[in-house]
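Just so it is clear, none of the values below were taken in a lab; they were calculated from the coordinates. These figures come from a predicted structure and were not determined experimentally. For neighbour counting, all protein chains shown are included, and Cβ atoms are generated from backbone atoms with ideal geometry for every residue, glycine included.
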Amino acid sequence: MIEELLLYFCACTAVLGGVMMIVLRAPMRVAMALIYSMISLGGVYGLLHVDVIAVFQIMIYVGAVMVFMVYAIMLLDVRDPSFVRRYSPQLGAGLVATVLLALVLLWSVHQTAVPGTAPSPARFGVQPFSVAFLAEYWLYFELTSLLLVVAVVAAVAVVKARSASHG
Amino acid sequence: MDKVSFLVAVSLTLFTLGLLGLIVRRNLLVMLMCMELMLNGVNLSLVTFAQRGGNVEGTVMVFLIFIVAASEIAIAIPIVLLLMRHRHTLDAGAHSDLKG
């Protein structure tokens, strides 16, 4: 019972973080709201007994991606006009389009039966996850390493392009 | 509303909030962060369905999405800094000539 209440609480705080991302002005505060939302989602994954994903959510997203993002924000000039004026001229159109999309998605989910009928929560520890990866999905695992190498090379190429264009 | 429907609704809300932020915000870095929020919404729905169905495929998919998100940020942030260097602003409107 307490677990269920905590799950609802974490999910609501994740949505609250998302709303704060739209409302807050300074990029650093937006980053903090996103970190808050991600940690709440990590709590949701933990309470759903998907422990591996909960750990990865904190380690990869909050620990790596968001630290990189915060580091990039600290490099920038806070007098930038986009730091002062929050919304683009597409505010009205964006609001209308998003509300319509949300209505369509909610309606389609409402119409569709939720797949799977397992009532007992399956616990995804490290072991079944690792076995599935190394036995069945090993190719995808290797491809992710290739993707990461390509991303690093691309990032270096972008940096090189920047230094070449400035002398 | 049962737990699965609630979590799917939360994931939809996160996805649409991310999309809204991507459309209405001005700052390129904030737009990137809103894309991350959209990915988080998708991840939540995948985990919910995987846990409901009792299979491991959904969690494998989420792990792959984590890697894709990390690669995306590794490439996107140098590009954003490059744009900042060229135009001295992160306002998306200042880069509107990129649309061709």
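Entry note, chain A: relative contact order of 21 percent, from Cα contacts under 8 Å with a spacing of 6+ residues. Amide H contacts of B:Arg26 (H built 1.01 Å from N, in plane; Pro and chain starts excluded): A:Ser88 sit under 5 Å, all sequence-distant by 5 or more or on other chains.
Calculated on the Cα set of the protein assembly as shown, radius of gyration then Dmax: 19.4, 64 Å. Taking label positions 7 Å along the Cα-Cβ direction at both A:Ile2 and A:Val19, the computed distance is 2.8 nm, reported to one decimal.
Say each of A:Val84 and A:Leu148 gets a label point 7 Å from the Cα, pointing the same way as Cα to Cβ; how far apart are those two points in nm? Using points 7 Å along Cα→Cβ, the separation is 4.2 nm. Summed over all non-identical Cα pairs, the Kirkwood treatment of region B:33-91 gives a radius of 13.1 Å. Using Cβ point charges alone (K and R +1, D and E -1), the dipole size of region B:42-100 about the Cα centre works out to roughly 80 debye.
About the centre of its Cα atoms, chain A shows a dipole size close to 720 debye [charges on the beta carbon of Lys, Arg (+1) and Asp, Glu (-1) only; nearest 20 debye]. With a Förster radius of 41 Å applied to the C-beta separation of B:Arg85 and A:Leu100, the computed FRET efficiency comes to 0.60.
Karplus-based coupling profile of region A:94-103, in residue order and whole Hz: x, 4, 4, 5, 5, 4, 5, 4, 4, 5, with θ = phi - 60° in 6.51 cos²θ - 1.76 cosθ + 1.60 and x standing for Gly or Pro. Compared with the alpha-carbon gap, the fully stretched path from A:Val109 to A:His49 is longer by 19.2 nm at 0.36 nm per residue. The translational diffusion coefficient of chain B, from Stokes-Einstein at 25 °C and 0.890 mPa s with a Kirkwood hydrodynamic radius over alpha carbon pairs, comes to 162 µm²/s. Here the contact order of region B:24-100, divided by its residue count and restricted to Cα pairs under 8 Å and six or more residues apart, works out to 40 percent. Phi-derived couplings, Karplus 6.51 cos²θ - 1.76 cosθ + 1.60 at θ = phi - 60°, listed residue by residue for region B:78-92: x, 5, 4, 5, 5, 4, 4, 5, 6, 10, 6, 8, 9, 5, 4 Hz, with x used for Gly and Pro. Using alpha carbons only, how many angstrom separate the centre of region B:3-39 from the centre of region A:1-37? Cα centroid of region B:3-39 versus Cα centroid of region A:1-37: 11 Å apart. A simple spin-label model places the labels of A:Ala164 and A:Trp138 3.9 nm from each other, with each point 7 Å out along Cα-to-Cβ.
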